[in-house]
1. With the structure loaded, tell me whether residue 34 is under 26 Å from the mean Cα position of the chain (by Cα) and surrounded by 12 or more Cβ atoms within 10 Å (Cβ to Cβ) or whether it fails that test.
2. Which ones in the range 1-28 are in contact with a helix residue (DSSP H, G or I) (Cβ under 8 Å, 6 or more places away or on another chain) and farther than 20 Å from residue 174 by Cα?
3. List pairs: first residue in the range 78-91 and touching a residue at least 40 places away in the same chain (Cβ under 8 Å), second residue surrounded by 15 or more Cβ atoms within 10 Å (Cβ to Cβ) and assigned to a helix (DSSP H, G or I) anywhere in the structure, Cβ distance under 7 angstrom, at least six positions apart or on different chains.
4. Taking residue 74, is it surrounded by fewer than 13 Cβ atoms within 10 Å (Cβ to Cβ) and either modelled with pLDDT of 95 or more or touching a helix residue (DSSP H, G or I) at 6+ places or on another chain (Cβ under 9 Å) (or both)?
5. Counting only residues that are in contact with a helix residue (DSSP H, G or I) (Cβ under 7 Å, 6 or more places away or on another chain) and over 22 Å from residue 33 (Cα atoms), which one in the range 96-113 is surrounded by the most Cβ atoms within 10 Å (Cβ to Cβ)?
6. Test residue 185 against the stated conditions and say whether it is within 33 Å of the chain's Cα centre (by Cα) and either in contact (Cβ under 8 Å) with a residue 24 or more places away in the chain or at positive phi (or both).
7. Out of everything in the range 37-52 that is under 26 Å from residue 165 (Cα atoms) and touching a residue at least 12 places away in the same chain (Cβ under 8 Å), what residue ends up being surrounded by the fewest Cβ atoms within 10 Å (Cβ to Cβ)?
């Protein structure tokens with residue numbers, strides 16, 4: 001029985017190894033696709049991190065902002081699902097943790113409605129860092145961030161089918177691994193029992209030998225005693 005269980009466990013271990021390798025390869029493939037967008041995201045986040053409060057404060061002081069400043073802030077308001085008017089933009093700019101909100105933006109879960117509403121802004125030929133820089137340093141960086149988030153979201157959407165396949169493969173691997181652990185435990189119990197029986201047998205054999213030696217010694221003493229009488 002132990003040999004049979006051991007054989008099954010070895011076969012299952014081989015299957016689990018192959019599944020683990022296949023799953024990791026699928027994860028790596030999906031991550032490679034996502035990595036195409038990460039440099040742009042990191043660059044945009046770095047630009048946001050370098051923004052000084054004074055630069056953001058300057059934008060808030062506008063009573064009637066330059067056209068592209070207003071356009072960028074409308075796009076940023078869309079990203080945070082706020083109203084697209086200037087008072088809402090000023091409130092958003094006034095939030096003390098705005099930079100952290102931007103850095104920690106949930107880029108993997110951008111609503112479709114947000115991406116849809118952003119589209120007209122991103123199609124503007126002058127919605128880019130260089131052109132907007134003429135109006136505002138802060139808004140140029142914010143525009144770069146919006147563009148990077150949109151790019152990441154598009155690639156993430158393309159990768160979604162791969163993510164689903166990875167999730168299914170991981171679930172299958174967990175199931176196989178759980179079954180393997182049960183069989184490994186069963187093998188361990190069988191081998192433990194065999195070891196216990198072997199130790200018991202060895203002990204009995206040793207006791208038998210002791211008894212045989214004792215009998216032989218007793219017989220030898222009896223023979224010597226009979227010769228003396």
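1. On the way: under 26 Å from the mean Cα position of the chain (by Cα): yes; surrounded by 12 or more Cβ atoms within 10 Å (Cβ to Cβ): yes.
So residue 34 passes the test.
2. If the condition is that a residue be in contact with a helix residue (DSSP H, G or I) (Cβ under 8 Å, 6 or more places away or on another chain) and farther than 20 Å from residue 174 by Cα, then 1, 2, 5, 6 are the ones that fit.
3. 78/114; 78/117; 78/118; 79/114; 79/146; 79/149
4. Against the criterion (surrounded by fewer than 13 Cβ atoms within 10 Å (Cβ to Cβ) and either modelled with pLDDT of 95 or more or touching a helix residue (DSSP H, G or I) at 6+ places or on another chain (Cβ under 9 Å) (or both)), residue 74 does not qualify.
5. Of the residues in the range 96-113, the ones in contact with a helix residue (DSSP H, G or I) (Cβ under 7 Å, 6 or more places away or on another chain) are 98-99, 102-103, 105, 107-108, 110.
Now drop any that are not over 22 Å from residue 33 (Cα atoms), which leaves 98-99, 102.
Numbers: 98: 18, 99: 16, 102: 21.
By that ranking, first place goes to 102.
6. For residue 185, the condition - within 33 Å of the chain's Cα centre (by Cα) and either in contact (Cβ under 8 Å) with a residue 24 or more places away in the chain or at positive phi (or both) - is not met.
7. Checking each candidate, the answer is 38.
The values are calculated or read from the model by the stated rules, or taken from the named source; none is laboratory data. Small disclaimer: the values here were computed from a predicted structure and weren't measured. A quick note on method: Cβ atoms are made from the backbone with ideal geometry, for glycine too, and the neighbour counts reach across all protein chains shown.
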